[in-house]
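Peer 1: Take a look at this one; I'll ask things after.
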Ligand SMILES: Cc1ncc(COP(=O)(O)O)c(C=O)c1O
């Protein structure tokens, strides 16, 4: 089976991972501490961010960022109608209302035009998602935010290492949220997440919220939660961070091969400018039949995502407009295998099997 994801790393990296995990296990320092602080500093330097705060997951990165930016009950947050559920779920978790707007049909990212049309007096923030690693149009989003005095929270869960026009993600927003779920481009050995922000007070607030709002031991100033990056995950991430650029380059090369090979087939390749590839996703007619054929013939492929967000029960009725592009895409999207361990010959095999399925 050609796998959709493969989280194995090359031997020398695996050895460094094992040594780092063993050293941490023996240290007895498991929650926050110097290893987490070290990774936060490394990730801040890598993304050219002023501050980086490690948290328990990508979802918590979104939730705590929203809270740190003062988003709560009575506020609306604009979220693209096509994303992983957590983007909108985070808004619900802070008691605010997600307003789901249609996506650009070529990139499937937040359309600034659709976002502008959905603004109301209650709109507090915009949440662009860099879907599949392709950066949203951040200059347009930032301009819209500035014009209307809105906060911007980037969902960069799928885009570790991405740049847009030479600038790292996080350059246009109040908070940029990452997930280190194991299959992500920078994956931990469990759950993990992180917030970068240019604002010292937002970083301070996320730090406060991740440890029960405690400003000193047993003195709690706010209602927070338990959401800390743990030291074992931090050392795994520190070992892997220097590999992220070469792994992303490998994903990009493989994606280019897919682009070239798929040009002859009746599938639609997404416009994926800049950024990184988290997934390689195409639009195919009769997606479910094609997916079944691939899965029965040695290629793991997955509908990613099979539902537009407004079609999920907790989000029903929360769309602005008809979200036609998001809904049309959800019927056709198919993720094909993509990971740094994939071989060129496997890309050829996937394409051949896909051609067969489409015949
Ligand atoms: C776009 C997007 N947002 C948020 C998340 C949530 O991240 P986590 O699973 O680390 O909570 C994910 C993870 O799958 C994601 O893909």
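Peer 1: Looking only at region 88-122, which residues are part of a helix (DSSP H, G or I) and either under 18 Å from the mean Cα position of the chain (by Cα) or over 30 Å from residue 267 (Cα atoms) (or both)? Spell out how you get there, then give the answer.
Peer 2: Of region 88-122, the ones part of a helix (DSSP H, G or I) are 88-93, 112-117.
Result: 88, 89, 90, 91, 92, 93, 116, 117.
Peer 1: Scan region 8-28 residue by residue and report those that are touching a residue at least 12 places away in the same chain (Cβ under 8 Å) and surrounded by fewer than 15 Cβ atoms within 10 Å (Cβ to Cβ). Give the steps one after another, and end with the answer.
Peer 2: Taking region 8-28 first, the residues touching a residue at least 12 places away in the same chain (Cβ under 8 Å) are 8-9, 13, 16-17, 20-21, 23-25, 27.
Result: 8, 23, 25, 27.
Peer 1: Please specify each residue of region 123-165 satisfying the condition of being within 12 Å of the ligand (Cβ to nearest atom) and in a strand (DSSP E or B). Break it down stepwise before answering.
Peer 2: Our first condition is that a residue be within 12 Å of the ligand (Cβ to nearest atom); within region 123-165, this holds for 127-134, 136, 153-160.
129, 153, 154, 155 - these are the residues of region 123-165 that are within 12 Å of the ligand (Cβ to nearest atom) and in a strand (DSSP E or B).
Peer 1: Checking residue 289 against (1) touching a strand residue (DSSP E or B) at 6+ places or on another chain (Cβ under 9 Å); (2) modelled with pLDDT of 95 or more, which single condition isn't satisfied?
Peer 2: That leaves (1) as the condition not met.
Peer 1: Follow-up question, since we're still on this one. Among (1) within 14 Å of the ligand (Cβ to nearest atom); (2) more than 16 Å from residue 337 (Cα to Cα); (3) surrounded by 22 or more Cβ atoms within 10 Å (Cβ to Cβ), there is one condition residue 236 misses while meeting the rest; what is its number?
Peer 2: (1) is the only condition that residue 236 fails.
Peer 1: Name the pairs whose Cβ atoms lie under 9 Å apart, with the first residue in region 79-106 and without any contact (Cβ under 8 Å) to a residue 24 or more places away in the chain and at positive phi, the second part of a loop (DSSP other than H, G, I, E, B) and more than 13 Å from the ligand (Cβ to nearest atom), and 6 or more positions between them or separate chains?
Peer 2: Note: pairs meeting the criteria are 95/71; 95/72; 95/73; 95/74; 95/75.
Peer 1: Kindly provide the set of residues from region 166-186 that are within 13 Å of the ligand (Cβ to nearest atom) and either in a loop (DSSP other than H, G, I, E, B) or at pLDDT below 95 (or both), ordered by number.
Peer 2: Those that are within 13 Å of the ligand (Cβ to nearest atom) and either in a loop (DSSP other than H, G, I, E, B) or at pLDDT below 95 (or both): 169, 180, 181, 182, 183, 184, 185, 186.
Peer 1: Looking at (1) more than 16 Å from the ligand (Cβ to nearest atom); (2) under 19 Å from residue 48 (Cβ atoms); (3) touching a helix residue (DSSP H, G or I) at 6+ places or on another chain (Cβ under 8 Å), find the lone condition where residue 224 falls short.
Peer 2: (2)
Peer 1: Have a look at 33, 74, 70, 56 and point out the one that is within 15 Å of the ligand (Cβ to nearest atom), surrounded by fewer than 24 Cβ atoms within 10 Å (Cβ to Cβ) and in contact (Cβ under 8 Å) with a residue 40 or more places away in the chain.
Peer 2: 56
Peer 1: Would you point out which residue out of 246, 266, 198 is surrounded by fewer than 21 Cβ atoms within 10 Å (Cβ to Cβ), under 20 Å from residue 45 (Cβ atoms) and not assigned by TED's automatic domain parsing to the domain that holds residue 130? Walk me through it before giving the result.
Peer 2: On the way: 266 fails: under 20 Å from residue 45 (Cβ atoms); 198 fails: not assigned by TED's automatic domain parsing to the domain that holds residue 130.
Criteria check complete, one pass: 246.
The values are calculated or read from the model by the stated rules, or taken from the named source; none is laboratory data. In this text, all values refer to a predicted model and were calculated from it rather than measured experimentally. When we count neighbours, we look across all protein chains shown, and the Cβ atoms used for this are built from the backbone with ideal geometry, even at glycine.
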